């Protein structure tokens, strides 16, 4: 009997250690890139086993429907310009999952190196729940482990999907930033704006601080109710008077700017980025005050101008025979397309308004709400390529059929993105100096970056 009992409590053997970055990539892929289970039990057990259930650096979580990635990057670059080393976690990646975890400091931005990638994966794999984590949970745990090893001063986490069930909510956080909330992923987190806002409000940290941009009253109501129940402070961050939404100029808050600050051009183009920058700047003011960090006006302005993310109104020069001049944007839902339409109504920074469109989207998107926006954004053709290897993507023929009432004979299905763009850049194609807009899905942008990985800039992970 004793031997039997002892045998029953012997822990299972630990998984074999991973020995290369390629093995880590395969380990991540083995659990399914799109597999989701919106519960915090597994990731909490993993973080506890790694000693990451307690804070090793001030941590800020960013939730929202659109703009959360930009907000997270603005905050990371503001802090880095002040001399801090920042661990930044974003998703999804475009070419390699190492893009999800980067260090940002005054010298720039660097994805996790291959050696640390292997060490972080093995640390997570050896925890009791490590083998059962989802793709997103694995990469988050790896990022937090690496940030602790690097002894970063600040951690900024962009939520993946929702709020209450998102794995980033399992991390100890002192501040929550709420970017604009709109209708998206309704089949997963809620069928209405109120339901979606309620889910994101579940990320409010107990006794923490919440900064939110102006929201729909239904969203603010949900945030206020949860913040009160959890004894968290909630503040709405409003735009200062006099900012120019057409050109993306952002006057710094008075505590930093002194008398009469000159407007600056943000590193991320588009009038909507002023809202994201304002939220990040407000967060920095609070963090700096709490932790006795610098509040240098010139450094903050430098951080705002340095901030850059691939696929945010990004211009790609033409490469004859491969692709025409492109305008790449991550807009992938109706609220984001409405923002894109406003940004393109008065294009700046030396590029023209796009004439043609390359578009596709995932099955969970509200294509009926996106259709009139797409038809207004471009006057020319719309070509819908196939997205390879994605069970979540709508077939090109279905997208064409659903968009045809708005586009008429201006729309057609294509093959791969590479073939579509090569045809548009061929010697016999109609000549146009206007760029081709590519939007609708980050996975569509990922296909483009396979053709031009150098356009990822500092986000490109080294081999």
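Coordinate-derived values only; no laboratory data. Quick caveat, the model's predicted, so the values are computed rather than measured. Here the Cβ is made from the backbone with ideal geometry for all residues, glycine too, and neighbour counts use every protein chain on show.
Values for this structure:
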| item | result |
| --- | --- |
| Proxy reagent accessibility, fewest Cβ within 10 Å first, across 364, 409, 329 | 409, 364, 329 |
| Calculated log₁₀ intensity ratio I(q)/I(0) where the Debye formula runs over C-alpha points of the range 314-459, q = 0.12, 0.14, 0.19 Å⁻¹ | -0.44, -0.61, -1.20 |
| Per-bin percent of Cα-Cα distances, the chain [10 Å] | 4, 20, 30, 27, 14, 4, 1, 0, 0 |
| Computed over the range 326-390: relative contact order in percent, which uses C-alpha pairs under 8 Å that are six or more apart | 39 percent |
| Order of 59, 39 - criterion: other Cβ atoms within 10 Å of each residue's Cβ, fewest first | 39, 59 |
| Order of 68, 365, 200, 206 - criterion: other Cβ atoms within 10 Å of each residue's Cβ, fewest first | 206, 365, 68, 200 |
| For the chain: relative contact order, % (alpha-carbon pairs under 8 angstrom, 6 or more apart) | 16 percent |
| Rg [Å, one decimal], Dmax [Å, integer] - the range 286-369, C-alpha atoms | 18.0, 55 |
| Projected-area mean, the range 67-158, by convex hull of Cα positions, square nanometres | 5.8 nm² |
| The range 83-224: C-alpha gyration tensor shape, a/c 1.5 cut-off, then a/b vs b/c | prolate |
| By average C-beta atoms within 10 angstrom, highest first, the peptides 85-93, 285-293, 174-182 | 174-182, 85-93, 285-293 |
| The range 4-156 - convex hull of alpha carbons, volume per residue in Å³ | 127 Å³ |
